[in-house]
Amino acid sequence: MSVEDWYRVDRLPHIFCAGCGNGTIINCTLEAVESLGWKIDETIFVSGIGCSSRAPGYISTDSLHTTHGRALPFATGVKMAKPNFNVVVFTGDGDLSAIGGNHFIHACRRNIDITVICMNNQIYGMTGGQGSPCTPKGALSTTTPYGMDENPFDLCELATAAGANYVARWTSYHVKELNQAITFGLQKPGLSFIEVLVQCPTNYGRRNKLRDVQSMISAMKDHALLKEKRDRLLAEGKPIPDGMFVVGTLTDRNRPALGVKQ
Amino acid sequence: MQGNDACAEGAIAAGCRFFAGYPITPSSEVAEQMARKLPKVGGTFIQMEDEIASMAAIIGGAWTGVRSMTATSGPGFSLMMENIGYAAFTETPCVIINIQRGGPSTGQPTMAAQGDMLQARFGSHGDYSVIALAPSTVQELFDLTVKGFNLADRFRVPAFLMSDEIIGHLRERVEFPDEVECIPPKPIREGMLPFEPEDDLVPGFTPFGKGHRVHVTGLTHNEKGYPASTDPDLHEKLVMRLVEKVERARHEIADYDIVNPDAEIVFISYGAPTRAVRQAFLDAPEKSYGHLNLRIVWPFPEDLLKKFKNARVFLVPEMNLGQIAREIQRHVDQPVIPIPRLGGELHIPAYLLKCAEEQE
Ligand SMILES: Cc1ncc(C[n+]2csc(CCOP(=O)(O)OP(=O)(O)O)c2C)c(N)n1
């Protein structure tokens, strides 16, 4: 077995734009399931609607591409009816936290044994660049032409507060760390939530002075603050520099979980 | 036994082993009973965060090859609509119990109605077809729940039990058969694609975990299951097949009672109003009106109407403003007179007789 076996080769080429970060995340995930020796016929990928949610269509397992925002309740049905399946959800920031926000907090509360990977491009990609609950303050989108004036969600804090066992954030720049986080999350009983900031040059970068892929990736790298470093700054009473976001393992605990394999 | 409990018993007897739902009057006893019974037979009950999630969860459950069901009433039924369309389009066998109450909106939580009959048929966007059953006794709530699972599996559609508060909360004697017939969906045949129809227009089922590696999507898809949403001919062919697979079986699966086929004045009813018609007939043995009681309303068995060769007029008592009367009128030249009753109470038999006498 190799990573290639996990791809539906007959579905390529994919629909992602040139420079999109989603492919990196799919590859990281498939390398993780392959390295764990998971079986294709015991693994189910589930998604909602959006660019990121197209991922299961390129993966060779049984897969469920559902309705916008509802990946988690569909996945909950699969996992509760047959706990022996490994269930992995791909979702976008809009899919997960706008239309699917209620399902997100309840899946975390149940701490159901699935792994949720959110490709957060901070925008609605599929529908052409409208603002999402994760669009940063001031950022331009087709529905925030004068700059986003609402506060964004911190998805990881939300998942932690709602009860998920494992919560981590990385970016498409941090491929190695991301692969480790996913590998860990897949094995962890309970809900594992991995947020990955990904570049969307077409719909986010273009409107926000990040014209090329390289400058988007550099911006993510430069603004990522390791959790350990953040904790040190806090302990020393020093300020967190403006515009930074925290990356790393943010929550790792062993609360009782639902739907765990017998 | 109460109707809603009989429904849950029917589901368990039919082999339903996954239930996801959200409490709503007057259907909650179905969920409560499933919560009690399922763990004892190795099944799983889960209370979801809303009805959108409930419908999603049973579709997920169904794709694992487990018979799956939810139960709700008006407001919850409305919330389920998007995922009901998903189930129809992805050919997911599942059962939805709707213990109807007075609407629109929150309406009359504790009173009966039949106001969701067209919603059951047309409520989600786009064209598709489904199966809807209508019990008029507690025994039928048991029997038709079993039948609903078999039909859902056979045609790979969402099947609706369109009951109402009257039957759901009625207490009547129920006889449980020693064994009920459970017919699983036909498996896919060697060499066939997951969404490639057989002669009956229904593809063989490919539940998860059996090596089919099926991709299930609500996008327009080809027979492999892969998205192909910009091919006009493919889309038309797929939608036509999904409608046709159910519609062309409408006479074969029709389930009904006929009284006095030679009558000139004929009642047509389904669900609770059937009880009022039967009582009216008992009250006036000298009259020989006709009666068609439908246990399956969708697909609508239009040819049955022709069995009433001498019919001059059809009277249709419904607990809505004439939803199925409108369907009947599409198929006959004779006048179809709706006898609507809103407010939650059943038609008074004497009133039905008066309506019929006016036509004599
Ligand atoms: C009920 C419903 N509302 C709206 C849409 C339209 N829609 C499709 S994808 C999408 C947003 C996608 O954004 P996100 O979830 O962030 O994923 P991305 O495309 O950026 O990966 C929307 C609003 C839909 N498909 N269904």
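Here A:Pro136 clears all of (1) assigned to a loop (DSSP other than H, G, I, E, B); (2) closer than 19 Å to A:Gly248 by Cβ; (3) within 16 Å of the ligand (Cβ to nearest atom) except the condition numbered (2).
Selection of the range A:179-209 for residues being within 24 Å of A:Val3 (Cα to Cα), out of contact with any helix residue (DSSP H, G or I) (no Cβ under 8 Å at 6 or more places or on another chain) and assigned to a helix (DSSP H, G or I) yields A:Gln180, A:Ala181, A:Phe184, A:Gly185, A:Gln187. The range A:1-115 holds helices (runs of 4 or more DSSP H) entirely within its bounds, and those carrying 2 or more residues that are over 25 Å from B:Gly42 (Cα atoms) map to A:22-35, A:101-110.
Applying the condition of being among the aliphatic types (A, V, I, L, M) and part of a helix (DSSP H, G or I) to the range B:336-360 and asking which residue is nearest to the chain's Cα centre (by Cα) yields B:Leu352. In the range A:139-152, the residue that is nearest to the chain's Cα centre (by Cα) out of those that are crowded, with 16+ Cβ neighbours inside 10 Å and away from the ligand (no atom under 12 Å from the Cβ) is A:Pro152. A:Ser132 falls short on exactly one of the conditions (1) surrounded by 24 or more Cβ atoms within 10 Å (Cβ to Cβ); (2) in contact (Cβ under 8 Å) with a residue 60 or more places away in the chain, and that condition is (2).
Can you confirm whether A:Thr115 is buried (at least 16 other Cβ atoms within 10 Å of the Cβ) and hydroxyl-bearing (Ser, Thr, Tyr)?
Numbers: buried (at least 16 other Cβ atoms within 10 Å of the Cβ): yes; hydroxyl-bearing (Ser, Thr, Tyr): yes.
So A:Thr115 fits the description; yes.
Within the range A:86-96, the set of residues being more than 8 Å from the ligand (Cβ to nearest atom) and crowded, with 23+ Cβ neighbours inside 10 Å comprises A:Val87, A:Val88, A:Val89, A:Phe90.
Look at (1) on the phi > 0 side of the Ramachandran plot; (2) more than 16 Å from the ligand (Cβ to nearest atom) and you find that A:Pro83 fails only one, number (1).
Residues of the range A:210-238 being of a type in the set (A, V, I, L, M) and not in a loop (DSSP other than H, G, I, E, B), which ones?
A:Val213, A:Met216, A:Ile217, A:Ala219, A:Met220, A:Ala224, A:Leu225, A:Leu226, A:Leu233, A:Leu234, A:Ala235
Among the conditions (1) within 14 Å of chain A (Cβ to nearest Cβ); (2) not in a strand (DSSP E or B), the only one that B:His235 does not satisfy is (1). Listed by first and then second residue, the pairs with beta-carbon distance under 7 Å, at least 6 apart or on different chains, first residue in the range B:46-74 and more than 8 Å from every other protein chain (Cβ to nearest Cβ), second aromatic (Phe, Trp, Tyr) and assigned to a helix (DSSP H, G or I), are B:Arg67/B:Phe149. When A:Val3, A:Val46 are checked against the criterion of being in contact with a Leu (Cβ under 7 Å, 6 or more places away or on another chain) and surrounded by fewer than 19 Cβ atoms within 10 Å (Cβ to Cβ), A:Val3 stands alone in meeting it. Taking the criterion of being touching a Cys at 6+ places or on another chain (Cβ under 8 Å) and in a strand (DSSP E or B), the only residue of the range A:120-133 that qualifies is A:Asn120.
Apart from one condition, B:Val41 fits all of (1) within 11 Å of another protein chain (Cβ to nearest Cβ); (2) more than 28 Å from B:Ala112 (Cα to Cα); the exception is (1). Filtering the range A:54-67 for residues that are closer than 25 Å to A:Pro256 by Cβ and either touching a Lys or Arg at 6+ places or on another chain (Cβ under 9 Å) or more than 7 Å from the ligand (Cβ to nearest atom) (or both) leaves an empty set. Filtered by the rule that a residue be part of a loop (DSSP other than H, G, I, E, B) and either out of contact with any helix residue (DSSP H, G or I) (no Cβ under 8 Å at 6 or more places or on another chain) or closer than 21 Å to A:Trp6 by Cα (or both), the range B:211-221 gives B:Gly211, B:His212, B:Arg213, B:Val214, B:Leu219. Of all the numbered requirements in (1) at the interface with chain B (Cβ under 9 Å from one of its Cβ atoms); (2) away from the ligand (no atom under 16 Å from the Cβ), A:Ala71 misses one, and that requirement is (2).
Within the range B:62-83, which residues are assigned to a helix (DSSP H, G or I), of a type in the set (A, V, I, L, M) and buried (at least 24 other Cβ atoms within 10 Å of the Cβ)? Please lay out each step first, then the result.
We begin by selecting, within the range B:62-83, every residue assigned to a helix (DSSP H, G or I); these are B:62-63, B:74-83.
From what is left, the residues that are of a type in the set (A, V, I, L, M) are B:62, B:79-81.
Correct list: B:Ala62, B:Met80.
As for the range A:24-31, it holds no residue that is more than 10 Å from the ligand (Cβ to nearest atom) and either within 14 Å of another protein chain (Cβ to nearest Cβ) or at pLDDT below 95 (or both). Take the conditions (1) surrounded by fewer than 14 Cβ atoms within 10 Å (Cβ to Cβ); (2) more than 14 Å from chain A (Cβ to nearest Cβ); B:Ser229 misses just one of them, which is (2).
The values are calculated or read from the model by the stated rules, or taken from the named source; none is laboratory data. These numbers come from a predicted model, not from an experiment. Here Cβ is always computed from backbone atoms with ideal geometry, including for glycine, and neighbour counts include all displayed protein chains.
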